[in-house]
Amino acid sequence: MFRFKPEKLLPSEACLAGRDEPVNISGTHAVNGHSFLPPYAEDFCSLRLGMGCFWGAERLFWKTPGVWVTAVAYAGGVTKNPSYEEVCSGYTGHTEVVQLAFQPEIISLQQILKLFWENHDPTQGMLQGNDRGTQYRSALYLEDQIQLQTAIASRDSYQEQLDLNGMGQITTEIRVEPVFYFAEEFHQQYLHKNPGGYCNLRGTGVYCVG
């Protein structure tokens, strides 16, 4: 039914409606055995990060001390409980994200954001490297206004560093957006299950100093 893949986000009325039933997943992290299903512990913080293909991005964060659990998901769009194929079509408005729960007494939000900025190219719009489509756009979907203010300050600081290195403007979508939908079991902790699998995660080479 998808005759073309849109290069820009579609209006909500052009997106698929989706379905009420969530994807059937175990909810158990294949690497550390923790449950990645909310609610999380009261002293944990969470957010969602879009850095292109979510396989490599998830591995980056499950290896990060202070990150309790990771999962891959779809966020920022319209369609309820979309499938991977629907997200890739561009007809849902979602981007691929890593859902993160972390312990702020061990790793701060600023440190999470530093990893985010340095490990992908946030200037590329609706693509990441050779991966093209709205599902690969850079995004930060946050829980509250405090996180939002921190993320905006971090973006502005990183933009200064990009400017000094002659790079473009950050196109990262940043907003408070708690709604997300878990991806299928096949995609959860994919590079643990498939160590030789595809990973397109790479940064600009510019350090985040803020």
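The values are calculated or read from the model by the stated rules, or taken from the named source; none is laboratory data. Because the structure is a prediction, the values reported are computed rather than measured. As a convention, Cβ positions derive from the backbone with ideal geometry for all residues, glycine included, and neighbour counts pool all protein chains shown. Protein only, heavy atoms only, side chains kept; ligands, DNA and RNA dropped before computing areas. Shrake-Rupley method; radii C 1.70, N 1.55, O 1.52, S 1.80 Å.
Here are the numbers:
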read-out	value
Principal axes of the chain: Cα extent on each, largest first, Å	45, 38, 37
Candidates VAL98, VAL72, VAL179, ranked by Gaussian network fluctuation over the chain, Cα under 10 Å, top entry	VAL179
Cleavage-rule hits, GluC sites (Glu not before Pro), the stretch 1-110, DSSP coil, Cβ neighbours within 10 Å at most 15	GLU7, GLU42, GLU105
Proximal lysines to LYS63, defined as alpha-carbon separation beneath 26 angstrom and excluding residues fewer than eight positions away on the same chain	LYS114, LYS193
Viscosity 1.002 mPa s, 20 °C: Kirkwood-radius Stokes-Einstein D of the stretch 44-143 over Cα pairs, µm²/s	158 µm²/s
Hits among lysines - C-alpha to C-alpha of LYS8 under 27 Å, sequence gap 8 or more where chains match	LYS80
Sulfur and carbon atoms: percent of accessible area, the chain [1.4 Å]	53 percent
Inter-probe distance in nm under a simple model that places probes 7 Å from Cα toward Cβ, at ARG175 and GLN111	3.1 nm
Cα-centre dipole for the stretch 58-210 with unit charges at Cβ (Lys and Arg positive, Asp and Glu negative), debye to 20	240 debye
The stretch 1-52 - convex hull of the alpha-carbon atoms, volume per residue in Å³	200 Å³
Sum of -39500 (n - 2.57) over DSSP H runs of 4+, divided by residues of the chain (222 nm, nearest 500)	-7000 deg cm²/dmol
Amide hydrogen neighbours beyond the local backbone of ALA101, cut-off 5 Å, H modeled	TRP68, VAL69
Heavy-atom accessible area per residue - the chain, 1.4 Å, Å²	47 Å²
Residue-level accessible surface for TYR198, protein heavy atoms, 1.4 Å, Å²	100 Å²
Within the stretch 73-109, backbone nitrogen closer than 12 Å to the virtual label 7 Å beyond the Cα of ALA17 toward Cβ	80
Where a label projected 7 Å from the Cα of HIS192 along Cα→Cβ would reach, residues of the stretch 33-63 with amide N under 13 Å	33-37, 58-63
Reciprocal mean inverse distance between Cα atoms of the stretch 93-166 - Kirkwood radius, Å	13.6 Å
Magnitude of the charge dipole, the stretch 1-124, Cβ model with Lys/Arg +1 and Asp/Glu -1, debye to 20	240 debye
Convex hull volume per residue for the stretch 3-97, taking Cα atoms only, in Å³	120 Å³
For the stretch 135-195: Kirkwood Rh in Å [reciprocal of mean 1/r, alpha carbons]	14.0 Å
